[in-house]
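The values are calculated or read from the model by the stated rules, or taken from the named source; none is laboratory data. For clarity, every value in this text was computed on a predicted model and none was experimentally measured. Virtual Cβ from ideal backbone geometry, glycine too; neighbours counted across all protein chains shown.
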Amino acid sequence: MIIDKPWGKVATYALNQPSSVRVITVEPGQETSVHYHQMRDEMWIVLDPGLTIQIGNRVVQAEPGEEFMVAAEETHRIGNGGTTRGRVLEIAYGYTTEDDTLRLEDDYGRPLEPDW
């Protein structure tokens, strides 16, 4: 299953097994929203150069092969300052669904987390 996003796409290879496996592609000059998930942890393996990984307050210019853990409820974002598409292999542990994406910042006008 491939889901197009304004910043790139997400290709899912296994969904809601003990873990879900996806490849996140971010186009040059684009970035995901700052968001978090309540029902899953994620492990990211950077596949391409040019990506910036933001987890909480930590921002890293990532190199291919670097691994990052994103705990449930921890804010995160992937940005691509390079000139070619950048990919991250994501292995998610827990319930993986788009309705568990709670956005705090978004450059594309999509809804943010409800202000309860």
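Can you pull out every residue in region 34-56 that is in contact with an Asp or Glu (Cβ under 9 Å, 6 or more places away or on another chain), in a loop (DSSP other than H, G, I, E, B) and surrounded by 16 or more Cβ atoms within 10 Å (Cβ to Cβ)? Answer for region 34-56, where residues must be in contact with an Asp or Glu (Cβ under 9 Å, 6 or more places away or on another chain), in a loop (DSSP other than H, G, I, E, B) and surrounded by 16 or more Cβ atoms within 10 Å (Cβ to Cβ): just His37. Selection of first residues in region 16-33 that are part of a strand (DSSP E or B) and at pLDDT below 95 and of second residues that are crowded, with 21+ Cβ neighbours inside 10 Å and of a type in the set (S, T, N, Q), restricted to Cβ pairs under 9 Å at least 6 apart or on distinct chains, gives the following pairs, ordered by first then second residue: Ser20/Thr96; Arg22/Thr96. Of the residues in region 81-96, at least one is farther than 16 Å from Glu31 by Cα, touching a Ser or Thr at 6+ places or on another chain (Cβ under 8 Å), of a type in the set (Ser, Thr, Tyr) and not in a loop (DSSP other than H, G, I, E, B). Scanning region 57-116 for residues that are under 19 Å from Val23 (Cα atoms) and among the aromatic types (Phe, Trp, Tyr) yields Phe68, Tyr93, Tyr95.
Considering only residues of region 62-80 that are part of a loop (DSSP other than H, G, I, E, B) and surrounded by 17 or more Cβ atoms within 10 Å (Cβ to Cβ), which is nearest to the chain's Cα centre (by Cα)? So, considering only residues that are part of a loop (DSSP other than H, G, I, E, B) and surrounded by 17 or more Cβ atoms within 10 Å (Cβ to Cβ), the one nearest to the chain's Cα centre (by Cα) is Thr75. Screening Val59 with (1) closer than 24 Å to Met1 by Cα; (2) not in a loop (DSSP other than H, G, I, E, B) gives one miss only, at (1).
On inspection, Glu105 does not qualify as surrounded by 15 or more Cβ atoms within 10 Å (Cβ to Cβ) and touching a residue at least 40 places away in the same chain (Cβ under 8 Å).
Annotation: Thr75 fulfils all but one of (1) farther than 20 Å from Gly94 by Cα; (2) in contact (Cβ under 8 Å) with a residue 40 or more places away in the chain; (3) polar (S, T, N, Q); the unmet one is (1).
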